[in-house]
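The values are calculated or read from the model by the stated rules, or taken from the named source; none is laboratory data. These numbers were taken from a predicted model, which means no experiment stands behind them. Cβ coordinates were reconstructed from backbone atoms using ideal geometry, including for glycine residues, and neighbour counts include every protein chain displayed. For the accessible areas, the whole protein counts, side chains as well, though only heavy atoms, and no ligand, DNA or RNA atoms are used. Shrake-Rupley method; radii C 1.70, N 1.55, O 1.52, S 1.80 Å.
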Amino acid sequence: YAEQDSQSVMAALASYFSEPDHTQTPTVAELQTLEQLSTNNSSTSITITEAAGVTTIAVNDDSGRCPRSTTYTKTMGGDQGTW
């Protein structure tokens with residue numbers, strides 16, 4: 001489920017940045033409001049960080065539904081994500 005949530009965040013970020021005046025990395029709360037971002041579980045926490053032009057999304061799901069680990073990290077730019 002954390003992988004699905006990271007994909008949702010990526011889609012919301014893509015939509016957010018499609019607006020010319022959106023140039024700063026938004027918070028999760030801004031994505032929830034402006035892009036109607038929702039996650040699979042209320043126990044999911046998401047952080048979005050940006051450094052040197054690389055955006056990293058970390059989804060932490062403590063529900064026990066994810067078989068590999070509790071945190072899934074995805075970096076914008078085409079990687080497959082890591083546990």
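If you take the residues in region 12-55 that are more than 14 Å from the chain's Cα centre (by Cα) and among the acidic types (Asp, Glu), which one is nearest to residue 71 (Cα to Cα)? Top of the filtered list is 19. A single member of 44, 39 is at pLDDT below 90, open to solvent by 30 Å² or more (accessible area, probe 1.4 Å) and in contact with a helix residue (DSSP H, G or I) (Cβ under 8 Å, 6 or more places away or on another chain), and it is 39. Can you pull out the residues in region 5-14 that are of a type in the set (Gly, Ala, Ser) and open to solvent by 50 Å² or more (accessible area, probe 1.4 Å)? 11, 14, listed by residue number.
Taking region 12-37 as the range and being among the small types (Gly, Ala, Ser) and more than 16 Å from residue 53 (Cα to Cα) as the test, the residues that pass are 12, 15, 18, 29. Taking every residue in region 59-71 that is over 18 Å from residue 9 (Cβ atoms) and pairing it with any residue that is of a type outside the set (A, V, I, L, M), at least 6 positions away or on another chain, the pairs with Cβ-Cβ distances below 6 Å are 68/83. Of all the listed residues (23, 39, 56), the sole one being touching an Asp or Glu at 6+ places or on another chain (Cβ under 9 Å), part of a loop (DSSP other than H, G, I, E, B) and hydroxyl-bearing (Ser, Thr, Tyr) is 39.
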